[in-house]
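Note sheet for the following structure.
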2 protein chains.
Amino acid sequence: MNHQKVMTSYLLAFIEGLKTAGIKKVVISPGSRSTPLSLLLHRDQDITCFIDVDERSAAFFALGLIKATDEPVAIVCTSGTAAANYYPAICEAEATNLPLVVLTTDRPPELRQVGAPQAMDQQQLYASHVKRFVEMTVPEASDELLRYSHWQGLTNSLHAQQAPKGPVHVNFPLREPLLPDLAMKAPKYTSSTIVPSQRNVDISLLRPLLGKKGLIIVGEQHDIKEAQHYLALAEWLNWPIVGDPLTNLATSQSSTHYLKQSDLIFSETTLQPEVILRFGRLPVTKNVLLYLKRVHAPTILVESAFSWQDQLQTTNYFIEATITEFLRSIQQATFTKVADSWITAWQQEQELATKVLAAQPLLKEFNESAATVALVNQLHDSQLFVANSNAIRFVDRLTATNPNRVTIHGNRGVNGIDGLLSTTAGIAANQAQPTFLLIGDLALFHDMNGLQMMKQYQLPITIVLLNNNGGGIFSFLSQQTLAPEDFTPLFGTPLDMDFQHVAKLYGAQYHQPTSLKDFEALIIAAQQQPRFQLIEVRGTQKEPVDLWETICQEYQLALGDTHG
Amino acid sequence: MNHQKVMTSYLLAFIEGLKTAGIKKVVISPGSRSTPLSLLLHRDQDITCFIDVDERSAAFFALGLIKATDEPVAIVCTSGTAAANYYPAICEAEATNLPLVVLTTDRPPELRQVGAPQAMDQQQLYASHVKRFVEMTVPEASDELLRYSHWQGLTNSLHAQQAPKGPVHVNFPLREPLLPDLAMKAPKYTSSTIVPSQRNVDISLLRPLLGKKGLIIVGEQHDIKEAQHYLALAEWLNWPIVGDPLTNLATSQSSTHYLKQSDLIFSETTLQPEVILRFGRLPVTKNVLLYLKRVHAPTILVESAFSWQDQLQTTNYFIEATITEFLRSIQQATFTKVADSWITAWQQEQELATKVLAAQPLLKEFNESAATVALVNQLHDSQLFVANSNAIRFVDRLTATNPNRVTIHGNRGVNGIDGLLSTTAGIAANQAQPTFLLIGDLALFHDMNGLQMMKQYQLPITIVLLNNNGGGIFSFLSQQTLAPEDFTPLFGTPLDMDFQHVAKLYGAQYHQPTSLKDFEALIIAAQQQPRFQLIEVRGTQKEPVDLWETICQEYQLALGDTHG
């Protein structure tokens, strides 16, 4: 596809997004850089264009359109001070909550800060006065980038309309030549196409989907009470439900609809849903993500507050509701539940995964993986903070459900390893339950000063240290293919740290069990008599990788036997 | 003084600053909030005012004034979107380097974000498009605040004129009633009054001062070569020179003009300079700061690049020059040196201070203070990183000069204690000289992970740990007067850390000498055979405070004897 068609497709996808979000009127101030966007909007039969040569006036004119109709309006201008002229009206829109979508066009990155004429910094141009600033990427026309462009047009325009309403700013870097292909129709791509309902659950839209073969995907941290609502929803709909350790679906109570071994199951399953119901962001589980990229089904995204964190950009129905609100609406709706054969098929795969894991001899020996499984099995009425990188993946992949009111915590907002001990200390300082931290050596080192808080406030925290001497996570990732002279210093990063000294330094009891039995005994004792202690489990960076590969192969074989 | 007079004085002082910086023309767009500033500018006989009711036009009109005359111009407007209308011209001024001084007026803080009419966020309103944003404080009329207001008018207008020239933004919160007292004259206050020369040393202005009784104050980090230029300057002018450990004046070579014990000397001296020559920011030495606040003399500030970091806001002559450029110009000037009696008087005070310190029995025992003195005395051809809080103050107050090419480093930009080990490691990784770090226990704890870098790159760093179990610095400060139940948990903050375990953890040799002789032997050995080691010196938080108070009293007595 040539430059002209690529740019045209990309902008048409964006315009489709605008229209889906309810944009019907656009005020254009002519200029050169904005040519393709202006022309395509001008030719669009669903859009009414107004032309105002003065950008200051144009933006205030748009405010009038919004005031009269209570509908969102977009404004388009060229690069340079043209965009600065929008500022007074943007401040007014901010103060009076008017959904103004500001579309500025700009030189592409390679022509910035090199003295190109009319090039000025348009990043964050309106400072704190817009609800959101987005810098678009330079036009591309892959399915993924068209979906991205559409999604930006859709979600930013919706964001402007979310309470409190206000202006948003989208900046488009565009390369010359600037004339679009006016003969092109909107390109084909997978996309979000249905206007979301806002702040209430519009069951009339969803009802046709409720009796179909559905799949529930839950992300982000949830407490045990919320987790129970999610499980109740799954049973009500008779759909399988998936969620990583932080969702606490696995530890709040038993449910036959919950698929604990999702990383294993979704690596192989051929079951095909007719509808996907997602809550919040995606879980950590990699094979769930790959499965969702592979299958295509109408997707409902539910968020408790509008942020549309849709990494896949495939949402078709957007619902703003808490799980409590959503569950109540579903329970009030009339629909025929999907036949049991749908959930049974998934349950069989879960049972198979359980069997494969139970039969794995390495999980009966003593290593990082086995210790993780044993730890989760032994807990009851406790809280467990699961560190980022390997620890959360081990818990996600290898452990079974444990319905003994164990609350699992983590820092998965931005997945850092820089404050895990300190956060755990904060949790323990606030809770009567025994507290455990499952953490790797690199993450423990990062926040070692957090140990001082545990010592200072005498917090009875049991730290289970998975010590594989460095960045074990990278042995699971593509970096593992590097030669040792690159891998070891940059990713393996052995610390060669003696954690017995660490324990001594901060006055923590230190244990280095040598058998699974001893380890389990320590975990049981820690719940009977909580104390500040460090239990070190020695491992290697490669061991868990080999184990997981073996399990995957065995599951694949077992699945073949079943199908055969 | 009533509200009207306070506001008027404050704004008149600001306007004096504008005029000193060369502002002769102002473009005013009328409005309510800007009333006092507009009226006072309008009445000023040195200022030509233009009135333009449209702010967008006004700002572009100002650009024309600047283009025609190459002189800076100020623009004044009221609050709200009025200010946003300046944006296009500000972007143009930025791109074409025009010195535009943007003066916006605003509601005071208590009327912001509470729904007051026409109130919008004017902080950082022009984002990255101005060289500097300054939020003025609400008008007050103390000498200090009038000087501040004057200084803001002066330095921001100068900043706009510094290469690359460009717009600056000053925002004024003003309270009602807004009418100024038009009968008032510019108030009296100590202030900077002489236009600075830029990027060259205008000796004609300074020559009358060079033969007077002068005092040189050097701040900030300087290497040994620069330090030698400063000392050469002092000898050329026959003036005493003062500078803290980071200036390396005490360790680059011997100079009879350098006052090492400035904290002691300036606490008591009655000598009065006729001119003060300052380089960069002020040194750490507290009594130098208090002395400069007490004495008033024409002040020359020299900076190698314009930033006018004048905490005292009393600069009369501003010179933009490196020490090399400045020294060369002074050496080429003709003037009669001040009589020797001036420097001799200071030298006598330095000798007295040296004698008092040398006679102090506690500095011959083994404690944090004595160890600091011994460390600096024993170094030659080495580098010493001095940590913030107590360590740099001990070195500043207690140590003698050591002209054996010792380079002293520190992190005094913002005085943090969060990265001192890591910075020392970076220095050592780059230098063949033996490296020492003098640091307290709290600062060491803060950056303990920096030890991993020392271990990993096998850096032969000797850490001298002054361990007084917590925040020793606070015992010198006003917090010491608090009751123990408040002081200890909030400021004393004992860590109760066994640093022998820390050394073991990171593979550093550990020593805990028990006598000054043993300590000195370790320092000598560390230079003969550099290695990664931790030398712990145990102390208490109170001890150095008592010692310093004793020394001050003894110096005072000795001084009385001399005068008597």
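A:Ser9 falls short on exactly one of the conditions (1) open to solvent by less than 10 Å² (accessible area, probe 1.4 Å); (2) more than 23 Å from A:Ala186 (Cβ to Cβ), and that condition is (2).
Condition (residue is within 11 Å of chain B (Cβ to nearest Cβ), surrounded by fewer than 19 Cβ atoms within 10 Å (Cβ to Cβ) and of a type in the set (Gly, Ala, Ser)) applied to segment A:142-159: is it met by at least one residue? Before you say what the answer is, go through the steps one by one.
Start the filter on segment A:142-159 by keeping residues that are within 11 Å of chain B (Cβ to nearest Cβ), which leaves none.
No, because not a single residue in segment A:142-159 is within 11 Å of chain B (Cβ to nearest Cβ), surrounded by fewer than 19 Cβ atoms within 10 Å (Cβ to Cβ) and of a type in the set (Gly, Ala, Ser).
Restricted to segment B:461-515, and to residues there that are within 10 Å of chain A (Cβ to nearest Cβ) and among the acidic types (Asp, Glu), the residue that is farthest from B:Ala425 (Cα to Cα) is B:Asp496.
The listed residues are B:Ala68, B:Ala83, and the only one of them that is within 9 Å of another protein chain (Cβ to nearest Cβ) and either part of a helix (DSSP H, G or I) or closer than 27 Å to B:Thr8 by Cα (or both) turns out to be B:Ala83.
Inside segment A:112-127, residues that are open to solvent by less than 70 Å² (accessible area, probe 1.4 Å), facing another protein chain (nearest Cβ under 10 Å) and without any contact (Cβ under 8 Å) to a residue 12 or more places away in the chain make up a count of 2. Residues to consider are A:Leu264, A:Leu289; find the one that is closer than 28 Å to A:Glu554 by Cα, of a type in the set (A, V, I, L, M, F, W, C) and open to solvent by 10 Å² or more (accessible area, probe 1.4 Å). Result: A:Leu289 is the single residue among A:Leu264, A:Leu289 that is closer than 28 Å to A:Glu554 by Cα, of a type in the set (A, V, I, L, M, F, W, C) and open to solvent by 10 Å² or more (accessible area, probe 1.4 Å). So which residues in segment B:94-111 are part of a helix (DSSP H, G or I) and either under 22 Å from B:Pro30 (Cα atoms) or more than 12 Å from every other protein chain (Cβ to nearest Cβ) (or both)? Of everything in segment B:94-111, those that are part of a helix (DSSP H, G or I) and either under 22 Å from B:Pro30 (Cα atoms) or more than 12 Å from every other protein chain (Cβ to nearest Cβ) (or both) turn out to be B:Pro109, B:Glu110, B:Leu111. Taking strands (runs of 3 or more DSSP E) as the structural unit, those lying wholly within segment B:461-564 and holding at least 2 residues that are modelled with pLDDT of 95 or more and within 22 Å of B:Thr399 (Cβ to Cβ) correspond to B:461-467, B:533-538.
The conditions of being without any contact (Cβ under 8 Å) to a residue 24 or more places away in the chain, part of a loop (DSSP other than H, G, I, E, B) and under 30 Å from A:Glu135 (Cβ atoms) are met by A:Lys188.
Collect the residues in segment A:480-529 that are β-branched (Val, Ile, Thr) and touching a residue at least 40 places away in the same chain (Cβ under 8 Å), keeping them in residue-number order. Walk me through it before giving the result.
Going residue by residue through segment A:480-529, those that are β-branched (Val, Ile, Thr) are A:481, A:488, A:493, A:502, A:514, A:523-524.
A:Thr493, A:Val502, A:Thr514, A:Ile523, A:Ile524, listed by residue number.
No other residue among A:Ile417, A:Ile343 is farther than 23 Å from A:Cys552 by Cβ, buried (at least 18 other Cβ atoms within 10 Å of the Cβ) and in contact (Cβ under 8 Å) with a residue 40 or more places away in the chain apart from A:Ile343.
Out of the residues in segment A:500-521 that are farther than 19 Å from B:Asp496 by Cα and either surrounded by 19 or more Cβ atoms within 10 Å (Cβ to Cβ) or not assigned by TED's automatic domain parsing to the domain that holds A:Leu375 (or both), state the one that is nearest to the chain's Cα centre (by Cα). It comes out as A:Phe519. Aliphatic (A, V, I, L, M) and within 18 Å of the chain's Cα centre (by Cα), is that true of A:Ile217? So A:Ile217 passes the test.
Remark: pairs (first residue in segment A:33-46, more than 12 Å from A:Thr8 (Cβ to Cβ); second residue open to solvent by 10 Å² or more (accessible area, probe 1.4 Å) and assigned to a helix (DSSP H, G or I); Cβ separation under 7 Å; 6+ apart in sequence or on different chains) = A:Asp46/A:Lys19. Summed over segment B:459-498, residues that are aromatic (Phe, Trp, Tyr) and either over 26 Å from B:Phe385 (Cβ atoms) or not assigned by TED's automatic domain parsing to the domain that holds B:His446 (or both) total 1.
Screening A:Phe436 against (1) part of a helix (DSSP H, G or I); (2) modelled with pLDDT of 95 or more; (3) away from chain B (no Cβ under 14 Å) leaves a single unmet condition, (1).
Selection of segment B:354-380 for residues being surrounded by fewer than 19 Cβ atoms within 10 Å (Cβ to Cβ), of a type in the set (A, V, I, L, M) and more than 10 Å from B:Leu547 (Cα to Cα) yields B:Ala358, B:Ala359.
Residues that are of a type in the set (Val, Ile, Thr) and open to solvent by 30 Å² or more (accessible area, probe 1.4 Å) within segment A:461-493 comprise A:Thr481, A:Thr488, A:Thr493, listed in sequence order. Out of the residues in segment B:40-90 that are out of contact with any helix residue (DSSP H, G or I) (no Cβ under 7 Å at 6 or more places or on another chain) and hydroxyl-bearing (Ser, Thr, Tyr), state the one that is surrounded by the most Cβ atoms within 10 Å (Cβ to Cβ). In this case the residue turns out to be B:Ser79. The one condition from (1) within 14 Å of another protein chain (Cβ to nearest Cβ); (2) open to solvent by less than 20 Å² (accessible area, probe 1.4 Å); (3) at pLDDT below 95 that B:Ala21 does not meet is (1). Regarding segment A:526-545, can at least one residue be identified that is in contact with a Lys or Arg (Cβ under 9 Å, 6 or more places away or on another chain), farther than 30 Å from A:Ala432 by Cβ and either open to solvent by 40 Å² or more (accessible area, probe 1.4 Å) or among the basic types (Lys, Arg) (or both)? Scanning segment A:526-545, I find no residue that is in contact with a Lys or Arg (Cβ under 9 Å, 6 or more places away or on another chain), farther than 30 Å from A:Ala432 by Cβ and either open to solvent by 40 Å² or more (accessible area, probe 1.4 Å) or among the basic types (Lys, Arg) (or both), so the answer is no. For the structure I just gave you, tell me whether B:Asp54 is more than 26 Å from A:Glu94 (Cβ to Cβ) and either within 12 Å of another protein chain (Cβ to nearest Cβ) or over 33 Å from the mean Cα position of the chain (by Cα) (or both). No; evaluated as a whole, the condition is false for this residue.
For segment B:137-155, a residue qualifies if it is aliphatic (A, V, I, L, M) and in contact (Cβ under 8 Å) with a residue 40 or more places away in the chain, and the qualifying residues are B:Ala141, B:Leu145, B:Leu146, B:Leu154.
The values are calculated or read from the model by the stated rules, or taken from the named source; none is laboratory data. This one's a predicted model, so the numbers in the text were calculated from it and none came from an experiment. Neighbour counts are summed over all protein chains in view; Cβ atoms, including those assigned to glycine, are modelled from backbone coordinates with ideal geometry. Heavy atoms of the whole protein, side chains included, go into the accessibility calculation; ligands, DNA and RNA do not. Shrake-Rupley method; radii C 1.70, N 1.55, O 1.52, S 1.80 Å.
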